[in-house]
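Here, each number is a calculation from the coordinates, and none is a lab measurement. As the structure is a prediction and not an experimental result, all values here were calculated from the model. Positions of Cβ are generated from backbone atoms using ideal geometry, with glycine treated the same way; all protein chains shown enter the neighbour counts.
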Amino acid sequence: MVGTCQTRLVHLFAGGGGGMHQRVVKCLQVAAKQRGLIRRDQARVEGASPQQIQRQLAGRSWKRVFPGVYRVVGAPECWEQSLEAASLWAARDFAISHRAAATVWGFTRFKTTRVELTVARKQRAPKGLKCHYTQHLHRREVTEKDGFTVTTAARTLLDLSAETNQPDMRASVDQALRCRWTTLEELEALVARRSHHRGVELLRKLVNEFAGGQGPTESELEARVFELVDGAGLPRPEKQSRVVAGGRLRRLDFKFPGTKVVIEADGYEHHAGINDFERDRARRNGLTARGYVVLQWTWLALQQRPEQLLVELLRILTR
């Protein structure tokens, strides 16, 4: 979406001028690099007078978004533009944070269209913008992501830990480690440094779990399987167990210890063709012939009907 917005802006502002005052053209060139936005002081630097700025607003060529921040009418509106507008308004000593930062990072458990900032000074937040205030915003807790100033993945997790349930937090710590957005060392240093931060106890508990040998999962699909199993209080299944079935050495996605109950987890592109279907059918038949009970869990089923999957699993494990 970001790239699309920028491409449309280039076409919108390219060669603009006509009878337009050259100072206004310079302002448009600045706006083209900022998702169609310009701050008042930036326009003044480009030579636009207060009267010229007012004429753009009165003529509805520009529209006020936040105090001192204007959008060029015709520039495509999107959530990224809202983040840019908030960043221009804050100007310094700030970072996009909390759920907004989590969305920029790509945390699957957090999606929002809300704009949230953490700022290191008190200033009244305009309508449509949520601000969190802090006395200190350490440089080590702020970074650049997709062109935005955001809290690091580690600091984002800390901020969210005060308002998130444990399963979602565990999955998010797991994702951050798996995607290498942060490290255990960075998380450990953060919880030590922010020992009085609201919600730090939950994050510390999860960091200790992962540091204790649990380690991150290898995929979001695997994380969903473990979350469902853990939530039911069941022992975690073994990953990638080896067994000979149908004359071949097979690797089982998940096998419950001391049983022949197996979960085969399928992602988005399962059974892409007839060859895949036949191969999986032969694999399942070979396991069944050896006495294994194979449960097929798909990504869609894990998202839409996890309770049904769990009922079926418990029925098989307890029979």
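Computed from phi, the 3J(HN,Hα) profile of the range 111-123 under the Karplus parametrisation 6.51, -1.76, 1.60 (θ = phi - 60°) reads 10, 8, 10, 7, 10, 10, 10, 10, 10, 9, 8, 6, 8 Hz, with x in place of Gly and Pro.
When you restrict to C-alpha pairs under 8 Å that are six or more residues apart and normalise by the size of the chain, the relative contact order lands at 9 percent.
Checking every one of the GluC sites (Glu not before Pro) in the range 120-187 against DSSP loop status and a limit of 12 other Cβ atoms within 10 Å picks out Glu163. With Rh defined as the Kirkwood radius, the inverse of the mean 1/r over Cα pairs, the Rg/Rh of the chain is 1.12. When peptides 194-202, 147-155, 33-41 are ranked by their average number of other Cβ atoms within 10 Å per residue, the highest-first order is 147-155, 33-41, 194-202.
Could you tell me the distance between the Cα centroids of the range 213-240 and the range 162-206, to the nearest Å? About 18 Å separates the Cα centre of the range 213-240 from the one of the range 162-206. Between Ser219 and Val25, the simple spin-label model (points 7 angstrom out along Cα→Cβ) gives 5.5 nm.
By how many nm would the segment from Ala232 to Ser49 lengthen if fully extended, with 0.36 nm per residue of separation less the alpha-carbon distance?
Details: separation 183, 0.36 × 183 = 65.88 nm, distance 6.59 nm.
Roughly 59.3 nm would be gained on extension.
For the range 250-262, putting each phi into the Karplus relation 6.51 cos²θ - 1.76 cosθ + 1.60 with θ = phi - 60° gives couplings of 10, 10, 8, 4, 9, 9, 6, x, x, 9, 10, 8, 10 Hz, in residue order, rounded to whole numbers and with x for Gly and Pro. Any chance you could check the Cα centroid distance between the range 249-263 and the range 54-133 for me, in angstrom? After rounding, the separation between the Cα centres reads 49 Å. What Kirkwood hydrodynamic radius do you get for the range 92-214 when you take the inverse of the mean 1/r over all pairs of distinct Cα atoms, in Å? About 14.5 Å for the range 92-214.
Fully extending the segment from Gln123 to Lys33, taken as 0.36 nm per residue of separation minus the present Cα-Cα distance, adds 29.8 nm. Residue by residue, the range 168-179 carries 3J(HN,Hα) couplings of 5, 5, 4, 5, 6, 4, 4, 5, 4, 6, 5, 7 Hz when phi is fed to the Karplus relation 6.51 cos²θ - 1.76 cosθ + 1.60 (θ = phi - 60°); x denotes Gly or Pro. Residues Tyr70, Tyr133 in ascending order of nearby Cβ atoms (within 10 Å, fewest first): Tyr133, Tyr70. Working from label points 7 Å from Cα in the Cα-to-Cβ sense, the Thr259 to Leu314 distance is 1.2 nm. Bridging of Lys122 to aspartates and glutamates at a Cα separation below 17 Å is possible for Asp93, once same-chain residues fewer than 8 apart are set aside. Of the residues Ser97, Ser49, Ser82, the one that moves most in a GNM of the chain with alpha-carbon contacts below 10 Å is Ser49. What is the calculated FRET efficiency for Ser241 to Glu185, with r their C-beta to C-beta distance and R₀ = 41 Å, to the nearest 0.05? Working from the Cβ atoms, E equals 0.85.
Output the 0 to 90 degree angle, nearest 10, between the alpha-carbon long axis of helix 306-317 and the longest principal axis computed from the alpha carbons of the chain. For helix 306-317, the angle is close to 20 degrees.
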